[in-house]
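Below is one structure, written out as structure tokens; the observations come after it.
The values are calculated or read from the model by the stated rules, or taken from the named source; none is laboratory data. Every value quoted in this text rests on a predicted model; they were computed, and no experiment measured them. A quick note on method: Cβ atoms are made from the backbone with ideal geometry, for glycine too, and the neighbour counts reach across all protein chains shown. Each accessible area value is taken on the protein alone, full model and side chains, heavy atoms only, with ligands, DNA and RNA left out. Shrake-Rupley method; radii C 1.70, N 1.55, O 1.52, S 1.80 Å.
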Amino acid sequence: RPRKFAFIKIIGVILNVLLVFLFVSVLPWLQKNGYGGELLQHYNIERDALTYILLSNIIASGISMLFLIPEFKDYEFKLHKTLWKKMMIYTLPLVIVGFGGMINDMFDRLMLPVLINGDLDFRNTQAGIYNQNFKLAALMIIFTQAFRMGAEPFFIKESSAKNAPQTYARIMTIFVIVCCIGMLSVVLFYDIWKLYIQAYKYPERTEGFIIVPILLLSKILFGIYYNLSIWFKLENKTHIGAIITIIGAVITVALNFIFIPRIGYIACAWASLACYGFMVLASYLVGRKYYPVPYNIPKIFIYLAVAYGLYFVHAQFIDNIADIALRILIGLVFLSAFIVFALIYDRKEFAALPVVGKYLRRD
């Protein structure tokens, strides 16, 4: 039931965001301007920010759970030992996968200020530069997580269909195209995204842009891995997924420990790319044995190569252009060039889609 799943998830996210906005922005503004009276007399967001953020999460999760009350109608608790054992064997490795994923995603930001050479101010500054530019790559993580929430139920639902592998392969290609558009939307319009990371106020943050294309590619690989990993869930081989994730986590930890003291936050970006690169390769090679899917690997490489080729050409092209409006216009031209390339190169695939498809079909 992917629609209900997606609806509840989206409602939960929206509520969480609105509640955080309420606690962090609206209530402090009301308090500052004399509204709220005794109700807001002891409100202190600077002191209790983390508490209110966690409270927002709890309230949003609780309201989401209310939507699941009908699922518990006429529910009777009964322990099915055989089924419970199967579920534990299946799901416990996925806990390891989740834990390893947290290491791969968070370890560099935690250890960068500890491992980098320099005094405390320098370490904090470098960590701040990395964290702010990482926020741009996090946009790709958000998309990947949203895709995962919708795609996994669909993949499982379609697994019994005869042409399921072909469907998975098509989704992978479309996913990569969308990721490439997302990547270009960040790197081609860095002048706009500077507002998001407050680089105009803190110019030193722009020096960290060098890691953004690397991090974006690592997050694209992260998304590709999610697509590939469906095989070990369908084939009850979740322990293999756990092994792959653990090795990926070891790669992340080792490379960060070795190279952060030498090259700083750049090591974090390359470690992330190496980690997810290994996980993609391992999952693809092992998956061919247990659940072969006819992924169009050459086409995926072509899309990534074209997208990053456009970025490199663009970077050279606007290097000496100071006018921001002109730089944004040129970025739109390069982004449009990729979209046109995708529509022409994969005309047959896009022609089957609603709305846009009618413009690409040949009579």
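Of note:
- Segment Ile174-Asp48, length gained on full extension (0.36 nm per residue, minus Cα span): 41.0 nm
- Using a probe of 1.4 angstrom and keeping all protein chains present, the accessible surface of region 47-174 works out to 65 square angstrom per residue.
- Within straight-line cross-link reach of Lys81, lysines at Cα separation under 26 Å, skipping those fewer than 8 residues along the same chain: Lys73, Lys157, Lys233, Lys237
- Region 114-180: C-alpha gyration tensor shape, a/c 1.5 cut-off, then a/b vs b/c: prolate
- Computed [θ] at 222 nm, helices only, for the chain once each DSSP H run of length n ≥ 4 contributes -39500 (n - 2.57): -26000 deg cm²/dmol
- Summary value for the chain: 21 percent relative contact order, contacts being C-alpha pairs under 8 angstrom separated by 6+ residues.
- Selected from Ile171, Ile14, Ile103 as most flexible by GNM, with the chain as the system and alpha-carbon contacts under 10 Å: Ile14
- Among complete DSSP H helices in the chain, those whose alpha-carbon atoms stretch at least 27 Å along the helix's long axis and whose mean Kyte-Doolittle hydropathy reaches -0.5 are 2-21, 45-66, 81-115, 120-158, 164-187, 238-263, 265-290, 297-317, 324-345.
- Accessible surface of the chain, 1.4 Å probe, proportion on carbon and sulfur as whole %: 68
- When the chain is treated as a Gaussian network with alpha carbon springs shorter than 10 Å, the biggest mean-square fluctuation among Val186, Val176, Val17 belongs to Val17.
- Relative contact order of region 191-342, pairs being alpha-carbon contacts under 8 Å that are 6 or more residues apart, as %: 25
- Filtered trypsin sites (Lys or Arg not before Pro), region 178-272: DSSP coil and at most 12 other beta carbons within 10 Å: Lys201
- Here r is the Cβ-Cβ distance between Tyr202 and Lys162 and R0 is 45 Å; the resulting FRET efficiency, rounded to 0.05, is 0.20.
- Label-point separation, Ile214 to Leu83 (7 Å along Cα→Cβ), nm: 4.9
- About its Cα centre, region 42-138 has a charge dipole of approximately 480 debye under the convention of +1 per Lys or Arg Cβ and -1 per Asp or Glu Cβ, with nothing else charged.
- Within a Gaussian network of the chain (alpha carbon springs, distance under 10 Å), most fluctuating of Pro261, Pro28, Pro203: Pro28
- With the charge dipole of the chain set up from +1 on Lys and Arg Cβ and -1 on Asp and Glu Cβ about the Cα centre, the Cα lying farthest toward the positive end among the listed residues Phe301, Gly287, His80 is that of His80.
- Inter-label distance, nm, simple model (7 Å from Cα along the C-beta direction), Ile141/Ile302: 3.3
- Were the residues from Arg1 through Ile328 laid out at 0.36 nm apart, the gain over their Cα-Cα distance would be 113.5 nm.
- Dipole-positive endmost among Val17, Phe67, Gln41 within region 1-111 (Cβ charges, Cα centre): Phe67
- Multiplying the residue separation of Val17 and Ile59 by 0.36 nm and subtracting their alpha-carbon distance yields 14.0 nm.
- About its Cα centre, the dipole of the chain is roughly 1440 debye, where the only charges are +1 on Lys and Arg Cβ and -1 on Asp and Glu Cβ.
- Cα gyration tensor, region 239-363 - rounded (a/c under 1.5), prolate or oblate: oblate
- Spatially, region 221-237 and region 58-114 are offset by 17 Å when compared through their Cα centroids.
- Sparse packing (at most 11 other Cβ atoms within 10 Å of the Cβ) combined with a DSSP loop state is found for the following trypsin sites (Lys or Arg not before Pro) in region 49-128: Lys73, Lys78.
- Sites Val250 and Lys73, calculated FRET efficiency, Cβ-Cβ separation with R0 51 Å, nearest 0.05: 0.65
- Across the options Val313, Ala351, Leu332, the greatest Cα extent toward the positive end of the charge dipole of the chain (unit charges at beta carbon of Lys, Arg, Asp, Glu) belongs to Ala351.
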